[in-house]
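The values are calculated or read from the model by the stated rules, or taken from the named source; none is laboratory data. No experiment lies behind these values; they were computed from the predicted model shown. Don't worry about glycine lacking a Cβ; one is built from the backbone with ideal geometry, like all the others, and counts go over all protein chains shown.
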Amino acid sequence: MPYSVSPIGFVRSCFKEKFAIPRQPQLAPAARGVLEMLPPFDTGEAVQGLEQVSHVWLLFLFHRTLESQPRLKVRPPRLGGNQSVGVFASRATHRPNGIGQSVVRLDKVEPGRLWLSGIDLLDGTPVLDIKPYVPYADCIPAAVNGIAASAPTPIAVDWPERALAQAREHGLRLGEPLVELIEQCLAQDPRPAYQIPPPERRYGARFWDVDVRWHYPEPGRICVLETVLA
């Protein structure tokens, strides 16, 4: 028999485009957002008790990458984007049913809203379900993943004085840790791993309502050029 699912809410996120979103949750603790619940889950009854929980699992849809034809193999960024593995051996966004999962920090619980950090979710992401993180069951110290054995090594992020002043000003205006957010996301090196950009090439991404532009003056180093209102 056919099945259907409906969102229980949508995420209002600091990430307004896919580029520069961390490839896993918790890599950017300053990445924050709000899960806004839909009726009938917006009265507070459905989240009663979550104030006792520090982290939650979110099951969501990769709504920008939904595909009618399933892929059997994908090229995960962790392998440089030029090696293929089976789709079920990766967390690639191109999935048979478009379903993703992330464990995120739960900062505050309100009727109809969950305040989150450490997210890796695009603005407008539909959330299908919420499950509390259970440390004794969900943390397996002996677990092994030969493809992603450890977190990627961060690269250096440099700030010219003008760009840093701009970011601090926007952070104060937004009431958000914008400098930390930019550093934590860019340190993951959002460009494709197989790409070696010349120093003159410029990259950009939007965090909240701020456009951030940077380049790679030398391998293994990022220099933020400017942070301007979008």
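Key figures
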{"read-out": "Selection within the range 99-149 - part of a loop (DSSP other than H, G, I, E, B) and closer than 25 Å to residue 177 by Cβ", "value": "112, 118, 119, 120, 121, 123, 124, 125, 133"}
{"read-out": "Residues of the range 192-230 classified as among the charged types (D, E, K, R), in contact (Cβ under 8 Å) with a residue 24 or more places away in the chain and within 13 Å of residue 19 (Cα to Cα), total", "value": "1"}
{"read-out": "Conditions (1) modelled with pLDDT of 90 or more; (2) farther than 27 Å from residue 180 by Cβ; number of the one not met by residue 67", "value": "(1)"}
{"read-out": "Pair list, Cβ < 6 Å and 6+ apart or interchain, from the range 67-96 residues that are surrounded by 16 or more Cβ atoms within 10 Å (Cβ to Cβ) to residues that are part of a loop (DSSP other than H, G, I, E, B) and at pLDDT below 80", "value": "75/81; 90/76; 92/76"}
{"read-out": "Options 152, 160; residue that is within 21 Å of the chain's Cα centre (by Cα), under 20 Å from residue 222 (Cβ atoms) and in contact (Cβ under 8 Å) with a residue 40 or more places away in the chain", "value": "152"}
{"read-out": "Out of 215, 170, sole residue that is touching a helix residue (DSSP H, G or I) at 6+ places or on another chain (Cβ under 7 Å) and of a type outside the set (Ser, Thr, Tyr)", "value": "170"}
{"read-out": "Qualifying residue in the range 211-218 (condition: touching a Pro at 6+ places or on another chain (Cβ under 9 Å), within 18 Å of residue 15 (Cβ to Cβ) and either modelled with pLDDT under 95 or not hydrophobic (A, V, I, L, M, F, W, C) (or both))", "value": "no"}
{"read-out": "Subset tally (residues that are surrounded by fewer than 21 Cβ atoms within 10 Å (Cβ to Cβ) and not in a loop (DSSP other than H, G, I, E, B)) for the range 11-32", "value": "1"}
{"read-out": "Candidates 25, 29, filtered to the one that is at pLDDT 95 or above, under 27 Å from residue 146 (Cβ atoms), of a type outside the set (A, V, I, L, M) and not assigned by TED's automatic domain parsing to the domain that holds residue 194", "value": "29"}
